[in-house]
Amino acid sequence: MAIRKRLKGGFTLIELMIVVAIVGVLAVLAVYGVRKYIANAKTAEAKNAIGQMSKDALSHFEGESMANTILPGGSATGILRELCESSSTAGMVPSALLTVQGKKYQSTSANWNVDASAGTSGRAAGFSCLHFEMAQPQYYAYSYTGTLTTSFQAIARGDLNGDTVTSTFTQDGSITSLGRLNVAPAIRDQAAEE
């Protein structure tokens, strides 16, 4: 009879407080998990773009080029393998990190093709040489540096939350003494979720 009487009375204040505390802890954990998931999704942009720039550099290197003059009969020309050169300008799209600090930037095709004839002997350099361009709004500023016969570096810099702590993603490649291009197997990151 005492149990039946207690069931009709409802929950005690202590029981309700325990339930509210449990729900509060679960909510805090969920918010943390969602923020981490969103930050990882945003950093995927930088990793994908850096990976694509590295693949484009490798593709350009493997695309053999030769002298553009007419060869006389019975002669030969050497096969050249070269990397794309650095941009002639600062080479970062967008040109200032403040442009993507805590926000997205919509670049134009002209941003990516400023070096269509800026390299050695009037050849394309930078992003124009790589044939790399981002058509969608971006969280990061991208840059490419390279020399014809030595190495390259693809970099993404950004600040997702606008707190002036910069995230940096980098991938390097270098030409070996055997004339092969080695690209780092992983993208190096610093303060990835900032």
Checked segment 42-89 for anything surrounded by 18 or more Cβ atoms within 10 Å (Cβ to Cβ), hydrophobic (A, V, I, L, M, F, W, C) and farther than 21 Å from Ala116 by Cβ; matches are Ala46, Ile50
Checked against (1) surrounded by 12 or more Cβ atoms within 10 Å (Cβ to Cβ); (2) touching a residue at least 24 places away in the same chain (Cβ under 8 Å); (3) among the hydroxyl-bearing types (Ser, Thr, Tyr), Thr168 satisfies every condition except (2)
Over segment 93-133, the set of residues modelled with pLDDT of 85 or more and under 19 Å from Leu148 (Cβ atoms) is Ala125, Gly126, Phe127, Ser128, Cys129, Leu130, His131, Phe132
Could you figure out which of (1) outside any loop (DSSP other than H, G, I, E, B); (2) closer than 29 Å to Thr168 by Cα; (3) modelled with pLDDT of 90 or more isn't true of Val28? (3)
Inspect segment 140-151 for any residue being under 16 Å from the mean Cα position of the chain (by Cα), surrounded by 15 or more Cβ atoms within 10 Å (Cβ to Cβ) and free of Cβ contacts under 8 Å to residues at least 24 places away in the same chain and give the result as yes or no. no
Does segment 1-23 include one or more residues that are within 30 Å of Gly158 (Cβ to Cβ) and either surrounded by 10 or more Cβ atoms within 10 Å (Cβ to Cβ) or at pLDDT 90 or above (or both)? no
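The values are calculated or read from the model by the stated rules, or taken from the named source; none is laboratory data. Keep in mind the model is a prediction, meaning the values are calculated, not measured. Counting neighbours? That spans all protein chains shown, and the Cβs are built from the backbone with ideal geometry, glycine included.
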